[in-house]
Amino acid sequence: MSVFVTTTLPYANSITGGHIGHVFELVLADTFCRVINDGGRRRVMFNTGLDENGGKIAQAAQEYYPELTHQEALDKFREKTCENWKKLLDAYSIKPYRFYRTSDKNHKDFVLKIWNKLQKKGVIELREYSGLYCQGCESFKTSQELIDGKCPDHPTTELKEISEPNYFLIPSKRDHFETLDVIPHNRVSEAENILENYEGISISRLHDPESNLIQSPDPEHDVYVWFDALLNYIYFHHYYEERDLLNYRNSWNKQIFTVQFCGQDNLKFQSIIFQEILAHLGYNTTQKLFVHGIVRDEKGQKLSKTLGNYVDPIKIAKTYGSDAVRLYLLCGLPTYSTSKWNNEDLVNLYNAWIVDGFGNLARRVTVLFDKFDLQEELKRVPIGTVGSMGYADERTEKLVTSTYEEVYKFVAEGKFNEAGKSIHALVTEGNRYFNDQQPWNKGISKEERKQILQNVLWIVVGALREYQSFLPDSFNAIDKEIREWDSVWNAQERIEPVKWFVKLEK
C-alpha cells in the first residue's frame, strides 16, 4: 500500500517565505516520510506547496510592486514567493514528491470540475448568509471561535459583518471520527464541538475581478479560497478526466494510506471541511490527522516581526545548522501543545545528544580500531542494515533491532519526541558499554577487544541509520564516508567521520 502524506498549503501572502511554525510542520511531515519510507521499502508520496489564491495575496502583490499592473504584480509576486519557499525547503533538506501550486491552470480546471460534480449531486445550495469575517484568516468565524470578540490568530484585525448570498456545501451524514484518527486524541472532542453547530460551509464569495479567486460556474460568485485549496490533496496526481477521477477514488479508498499534518488553527478545515468534501465525492476519510501545536517565544507571545521576537528560519539554520534546528523541533519542543522557543535549549540539546553523545562514541571507537590495527574489521561493517549479520554479538544486534522497531512505531504514531529519545538511549547505552568494557585496556585479548569494538560500531551504525531521517544533512554525509572506508582507509588519507560535530556556542 502506498502512503500519501501532506502538509497544509501555507497561504502565500508573504514574499519572504515561511516562518518557523511552517518549518515545524514541514520537518514533522518530512521526518515521518523518511521513517515510513523504510529505506525505500514502502512508496511514500509527500505533498506540500502553496495556496496562492485570495484577496490578501493580490493586495500584498500590488503593495510590493506598485509600478506594475494588477496581473503583472500578482504573477511576479507569486513567482518570487515560490522561489523563496523552495529555498526554505532546501535549507532544511525537505524534498517533497511534489510541490503543489494552486495558481496552476490545471488546478483551476479541476476545482471547477469538482464544483460541477458536487452541484449535480445536489449537495451545493445557494443561501443568504450573515456572519463575522476575518480577513487575516480569509474565513468566517463563529462565536465559539472568538476570544473577547476577536479572532485569536488576528486580534488586531477588525472582524467584518458580512451579509450576502453564498453557495454552501451542505452537511454529509457521515461520522468522520469513526475512521479518522486525530492525533492528539483530545482534538477529537474539539472537532466534535465544532461539528455540533455545523450547518455546512460557505464555498463562494460574491465575484470580485481583483480578488485573485477562481470564478465559479456562476459568474456572480468566486470559489472560496479554502474550498479551492483543500482540493489539492485529491488532485495531487493530476487526475482530471472523469474516468481517471473515478480510478483515483478507488485507489484512494483501497490502495493509499492517507496522512495529513496541520496546525491546531487548521483543525476545522482539515478534520471537518475536507472530510465533508471527501464524503460527498465518495472518498474514504483521511486515515490519520496529526494536529501539531504552535511555536511562541520564551514569554509565550506570538512570534512576530513587529514585536521583534521573530525566529527567521533561514537565519537560524545558518547560525546553528539546519540539523540542529530540526533536532530541536522534533525532540526539544512538545509536538502537540504550545511551545516556547529558546535558542539556549536548542544548543544544549544538540551538544548533549549529537556532539557529546553520538559524535563522542563514533570518534572513540574509530580511534581504537586504528590504534589496535583493526581497520580491516572496520571496513567490513554492514552499513545500513539491521538484523543478525554475525558482526556484533546477539545482545547488541537485538538492542539495535529493537531501537529500529521502536523508532518506526513511535514515528508512525506521531510520537517524535519519544522516537528521538529512543535513538539517544541507544547511543547512551553504547557509551556505557564502551566505558564498562574498556577496550583500550592492554590486558584483554585481541579477539575480545575486536568483538567489543565491533559491538560498539554496530551501535554507532544503528544510531546513524535512525538519525538519518531526523538529521539528513550531516548523517547522510557520515554514512557516505563510512561506506567509502574500504577504498580510502590508509595512513595518508584518514577519514574523520565526526568532523561535523562541533559544539555549538550559546
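The values are calculated or read from the model by the stated rules, or taken from the named source; none is laboratory data. Since this is a predicted model, take the numbers as computed values, not measurements. FYI the Cβ positions are ideal-geometry reconstructions off the backbone, even for glycines, and counts take in every protein chain you see.
Please pick out the residue among Gly21, Gly17, Gly55, Gly39 that is modelled with pLDDT under 95 and surrounded by fewer than 17 Cβ atoms within 10 Å (Cβ to Cβ). Walk me through how you get there before you give the answer.
On the way: Gly21 fails: surrounded by fewer than 17 Cβ atoms within 10 Å (Cβ to Cβ); Gly17 fails: surrounded by fewer than 17 Cβ atoms within 10 Å (Cβ to Cβ); Gly55 fails: surrounded by fewer than 17 Cβ atoms within 10 Å (Cβ to Cβ).
After ruling out the rest, the residue left standing is Gly39.
Which of the following residues is of a type in the set (A, V, I, L, M) and within 30 Å of Lys446 (Cα to Cα): Leu374, Leu327, Leu349? Working first, answer last.
Values: Leu327 fails: within 30 Å of Lys446 (Cα to Cα); Leu349 fails: within 30 Å of Lys446 (Cα to Cα).
Checking each option against the conditions leaves just Leu374.
Can you tell me which residue within segment 163-196, out of those that are aromatic (Phe, Trp, Tyr) and more than 28 Å from the chain's Cα centre (by Cα), is nearest to Gly414 (Cα to Cα)?
Residues of segment 163-196 that are aromatic (Phe, Trp, Tyr), as a first pass: 167-168, 177.
Among the residues that remain, those that are also more than 28 Å from the chain's Cα centre (by Cα) are: 167-168.
Working: Tyr167: 37, Phe168: 34 Å.
My answer is Phe168.
Which residue is surrounded by the fewest Cβ atoms within 10 Å (Cβ to Cβ), if the candidates are limited to segment 122-158 and must be of a type in the set (A, V, I, L, M) and at pLDDT 80 or above? Lay out the reasoning, then the answer.
Within segment 122-158, the subset of a type in the set (A, V, I, L, M) is 123-124, 126, 132, 146-147.
Narrowing further to those that are at pLDDT 80 or above: 123-124, 126.
Values: Val123: 19, Ile124: 20, Leu126: 13.
Checking each candidate, the answer is Leu126.
Kindly list, by first and then second residue, each pair from a residue in segment 31-48 that is closer than 19 Å to Phe290 by Cβ to a residue that is assigned to a loop (DSSP other than H, G, I, E, B), limited to pairs with Cβ atoms under 6 Å and residues at least 6 apart or on different chains.
Filtered contacts from segment 31-48: Met45/Tyr97; Phe46/Pro96; Phe46/Tyr97; Thr48/Thr7; Thr48/Pro96.
Could you tell me which of the residues Asn417, Asn431, Asn455 is over 23 Å from Gly321 (Cα atoms), touching a helix residue (DSSP H, G or I) at 6+ places or on another chain (Cβ under 6 Å) and at pLDDT 95 or above?
Details: Asn417 fails: over 23 Å from Gly321 (Cα atoms); Asn455 fails: at pLDDT 95 or above.
Being over 23 Å from Gly321 (Cα atoms), touching a helix residue (DSSP H, G or I) at 6+ places or on another chain (Cβ under 6 Å) and at pLDDT 95 or above holds for just one of Asn417, Asn431, Asn455, which is Asn431.
Residue by residue through segment 91-124, note down the ones that are in contact with a Gly (Cβ under 8 Å, 6 or more places away or on another chain) and not polar (S, T, N, Q). Lay out the reasoning, then the answer.
First, the residues of segment 91-124 that are in contact with a Gly (Cβ under 8 Å, 6 or more places away or on another chain): 96, 98-102.
Selection gives Pro96, Arg98, Phe99, Tyr100, Arg101.
Just to be sure before I move on: is Lys315 basic (Lys, Arg), over 20 Å from Leu28 (Cβ atoms), surrounded by fewer than 19 Cβ atoms within 10 Å (Cβ to Cβ) and in contact (Cβ under 8 Å) with a residue 40 or more places away in the chain in the structure I sent? Before the answer, list the steps.
Details: basic (Lys, Arg): yes; over 20 Å from Leu28 (Cβ atoms): yes; surrounded by fewer than 19 Cβ atoms within 10 Å (Cβ to Cβ): yes; in contact (Cβ under 8 Å) with a residue 40 or more places away in the chain: no.
No: the conditions fail for Lys315.
Looking only at segment 169-185, count every residue that is over 20 Å from Phe257 (Cβ atoms), touching a Leu at 6+ places or on another chain (Cβ under 8 Å) and surrounded by fewer than 18 Cβ atoms within 10 Å (Cβ to Cβ) and tell me the total.
Of the residues in segment 169-185, 0 are over 20 Å from Phe257 (Cβ atoms), touching a Leu at 6+ places or on another chain (Cβ under 8 Å) and surrounded by fewer than 18 Cβ atoms within 10 Å (Cβ to Cβ).
Do we find a residue being of a type in the set (Lys, Arg) and either surrounded by fewer than 21 Cβ atoms within 10 Å (Cβ to Cβ) or modelled with pLDDT of 95 or more (or both) anywhere in segment 458-477? First the steps, then the outcome.
Keep residues of segment 458-477 that are of a type in the set (Lys, Arg), which gives 465.
Now restrict to residues that are either surrounded by fewer than 21 Cβ atoms within 10 Å (Cβ to Cβ) or modelled with pLDDT of 95 or more (or both): none.
Within segment 458-477, not a single residue is of a type in the set (Lys, Arg) and either surrounded by fewer than 21 Cβ atoms within 10 Å (Cβ to Cβ) or modelled with pLDDT of 95 or more (or both).
Please work out if Asn309 is over 28 Å from Ile36 (Cβ atoms) and buried (at least 19 other Cβ atoms within 10 Å of the Cβ).
Numbers: over 28 Å from Ile36 (Cβ atoms): yes; buried (at least 19 other Cβ atoms within 10 Å of the Cβ): no.
When the stated conditions are applied, Asn309 does not pass them.
Could you say which residue among Phe168, Phe99 is in contact with a strand residue (DSSP E or B) (Cβ under 7 Å, 6 or more places away or on another chain), assigned by TED's automatic domain parsing to the domain that holds Val35 and under 24 Å from His22 (Cβ atoms)? Spell out how you get there, then give the answer.
Numbers: Phe168 fails: under 24 Å from His22 (Cβ atoms).
Unique residue meeting the criteria: Phe99.
Would you point out the residue of segment 192-222, among those that are among the charged types (D, E, K, R) and in contact (Cβ under 8 Å) with a residue 12 or more places away in the chain, that is nearest to Pro171 (Cα to Cα)? Quick ask: steps written out before the conclusion?
Residues of segment 192-222 among the charged types (D, E, K, R): 192, 196, 199, 205, 208, 210, 218, 220, 222.
Next, only the ones that are in contact (Cβ under 8 Å) with a residue 12 or more places away in the chain stay: 192, 199, 205, 208, 210, 218, 220, 222.
Working: Glu192: 14, Glu199: 6, Arg205: 19, Asp208: 27, Glu210: 31, Asp218: 21, Glu220: 24, Asp222: 21 Å.
Out of the qualifying residues, it is Glu199.
Could you tell me which numbered condition Tyr64 fails, if it satisfies all but one of (1) over 26 Å from Phe261 (Cβ atoms); (2) crowded, with 20+ Cβ neighbours inside 10 Å?
Just one mismatch for Tyr64, condition (2).
Filter segment 42-52 down to the residues that are surrounded by fewer than 18 Cβ atoms within 10 Å (Cβ to Cβ) and either of a type in the set (Lys, Arg) or part of a loop (DSSP other than H, G, I, E, B) (or both) and list them by number. Write out each step before concluding.
Step one: of segment 42-52, the residues surrounded by fewer than 18 Cβ atoms within 10 Å (Cβ to Cβ) are 42-43, 45.
Within segment 42-52, Arg42, Arg43 qualify.
For segment 46-103, how many residues are under 24 Å from the mean Cα position of the chain (by Cα) and of a type in the set (S, T, N, Q)?
Result for segment 46-103: 8.
Could you check segment 147-169 and list, in sequence order, the residues that are within 27 Å of Ile124 (Cα to Cα) and not small (Gly, Ala, Ser)? Spell out how you get there, then give the answer.
Taking segment 147-169 first, the residues within 27 Å of Ile124 (Cα to Cα) are 159-169.
Result: Leu159, Lys160, Glu161, Ile162, Glu164, Pro165, Asn166, Tyr167, Phe168, Leu169.
Yes or no: Thr31 part of a helix (DSSP H, G or I), hydroxyl-bearing (Ser, Thr, Tyr), touching a Ser or Thr at 6+ places or on another chain (Cβ under 8 Å) and surrounded by 15 or more Cβ atoms within 10 Å (Cβ to Cβ)? Explain how you work it out, then say what you get.
Working: part of a helix (DSSP H, G or I): yes; hydroxyl-bearing (Ser, Thr, Tyr): yes; touching a Ser or Thr at 6+ places or on another chain (Cβ under 8 Å): yes; surrounded by 15 or more Cβ atoms within 10 Å (Cβ to Cβ): yes.
Spelling it out, Thr31 is indeed part of a helix (DSSP H, G or I), hydroxyl-bearing (Ser, Thr, Tyr), touching a Ser or Thr at 6+ places or on another chain (Cβ under 8 Å) and surrounded by 15 or more Cβ atoms within 10 Å (Cβ to Cβ).
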